[in-house]
Amino acid sequence: MRDHMGVVVQGGGRRARRAGLAGVLWGAAELTVTVGVVVLLLVVHQVWWTNRQALAAAHEQVRELEKEWTLLSDLDADPSTAPVPSASPSVSPSVSASGAPGASAAPAPPAGAKAPPAQESAYGVLRIPRLGVVVPVAQGVDKRAVLDKGYAGHYPGTAQPGTEGNFALAGHRNTHGEPFRYINRLRAGDELIVDVRGQRYTYVVGKVLAETSERDTGVIAPVPRSTVRPESGYGEPGAYITLTTCTPEYTSKYRLVVWGTLRG
């Protein structure tokens, strides 16, 4: 009986150890599944939800710009509808508006001069008919303040639309509205339309550079030509547009570039 009891106790110990191991494995499996679900939700949020948010906000910004331009156009056509400005105190030429002694007030800009766009604010609209893209254009290429909003960002120091030089833009290819996701599908002759307060500038796609380094600043030079692939680009001054985005998709290893010229 004692031996029999010993065998029973020993067998129970093996079963207990097996049950404990099974519990650990089951817990690990549950943890793995939970982590997988959390990661999947994060991916869905990043790829899908941020796209929807940025795309909706970008389209709303386009509507706001178009509404503002229509209002300004109406005011230009009938100045009598403009609100009467309230009187403001004059500023002494020897004292700045802040009251600092010895500083003179900033001179007014010359008549007819255009003020530069405010940093990181939307001031234009880019339309790519072939792709069905309509996206706000903002000054600057800051990721958080411009690109993550689903905007196309205007590279600082490059030309403004419609002028001599290179009007260069950057945009996301994936996530955050991904306005430039399919620019690799653009072909010579496709239109790139830029609207800026009552002015429309139509560029025509001329060349596509499928891949270059992220440090290839030649692609956004006034006369765009790749410094990595010198055979790609232009050799004469003109009015150009450049679109840049990351490639391959879901990476930021290289840059994809599309160039166009202003239609005369």
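Going by the structure shown, is Gly171 under 26 Å from Thr50 (Cα atoms), free of Cβ contacts under 8 Å to residues at least 24 places away in the same chain and touching a strand residue (DSSP E or B) at 6+ places or on another chain (Cβ under 8 Å)? Spelling it out, it is not the case that Gly171 is under 26 Å from Thr50 (Cα atoms), free of Cβ contacts under 8 Å to residues at least 24 places away in the same chain and touching a strand residue (DSSP E or B) at 6+ places or on another chain (Cβ under 8 Å).
Across region 118-161, which residue is farthest from Gln61 (Cα to Cα) among those that are hydroxyl-bearing (Ser, Thr, Tyr) and surrounded by fewer than 24 Cβ atoms within 10 Å (Cβ to Cβ)?
Let us first name the residues in region 118-161 that are hydroxyl-bearing (Ser, Thr, Tyr), namely 121, 123, 151, 155, 158.
Subset that is surrounded by fewer than 24 Cβ atoms within 10 Å (Cβ to Cβ): 121, 123, 155, 158.
Numbers: Ser121: 10, Tyr123: 10, Tyr155: 20, Thr158: 23 Å.
Within region 118-161, the match that is farthest from Gln61 (Cα to Cα) is Thr158.
Taken over region 137-167, the residue count meeting the criterion of being part of a loop (DSSP other than H, G, I, E, B) and among the polar types (S, T, N, Q) is 3.
A single entry from Leu256, Leu243 fulfils the requirement of being at pLDDT 95 or above, touching a Cys at 6+ places or on another chain (Cβ under 8 Å) and within 17 Å of Gly153 (Cα to Cα): Leu256. Among the numbered conditions (1) of a type in the set (S, T, N, Q); (2) part of a strand (DSSP E or B); (3) more than 20 Å from Pro237 (Cα to Cα), the only one that Asn174 does not meet is (2). For region 123-137, the set of residues classified as more than 14 Å from Val196 (Cβ to Cβ) and in contact with a Pro (Cβ under 7 Å, 6 or more places away or on another chain) consists of Val133 only. Whether a residue is closer than 27 Å to Glu64 by Cβ and polar (S, T, N, Q) was assessed, and Thr227 does not pass this test.
The condition (being part of a loop (DSSP other than H, G, I, E, B), out of contact with any helix residue (DSSP H, G or I) (no Cβ under 8 Å at 6 or more places or on another chain) and at pLDDT 70 or above) is satisfied by just one residue among Pro110, Pro93, Pro117: Pro117.
In region 189-196, the condition of being part of a loop (DSSP other than H, G, I, E, B) and out of contact with any Pro (no Cβ under 9 Å at 6 or more places or on another chain) is met by at least one residue.
Candidates are the residues of region 231-264 that are in contact (Cβ under 8 Å) with a residue 12 or more places away in the chain and farther than 23 Å from His172 by Cα; the one that is surrounded by the fewest Cβ atoms within 10 Å (Cβ to Cβ) is Glu236.
With respect to Gln46, is the statement that it is part of a helix (DSSP H, G or I), under 23 Å from the mean Cα position of the chain (by Cα), at pLDDT 95 or above and polar (S, T, N, Q) true? No. Pairing residues of region 47-66 that are in contact (Cβ under 8 Å) with a residue 24 or more places away in the chain with residues that are surrounded by 14 or more Cβ atoms within 10 Å (Cβ to Cβ) and part of a helix (DSSP H, G or I), at Cβ distances under 7 Å and at least 6 apart in sequence or on separate chains, gives Ala54/Asp148; Ala54/Lys149; Ala57/Lys149; Ala58/Lys149.
Here Lys143 does not fit the description of being touching a helix residue (DSSP H, G or I) at 6+ places or on another chain (Cβ under 7 Å), modelled with pLDDT of 85 or more and basic (Lys, Arg). If only residues of region 162-214 that are surrounded by fewer than 20 Cβ atoms within 10 Å (Cβ to Cβ) and basic (Lys, Arg) are counted, the one that is modelled with the lowest pLDDT is Arg197.
The values are calculated or read from the model by the stated rules, or taken from the named source; none is laboratory data. Note that the structure is predicted; figures quoted are calculated from it, not measured. All Cβ positions, glycine included, derive from the backbone under ideal geometry; neighbour counts span all protein chains shown.
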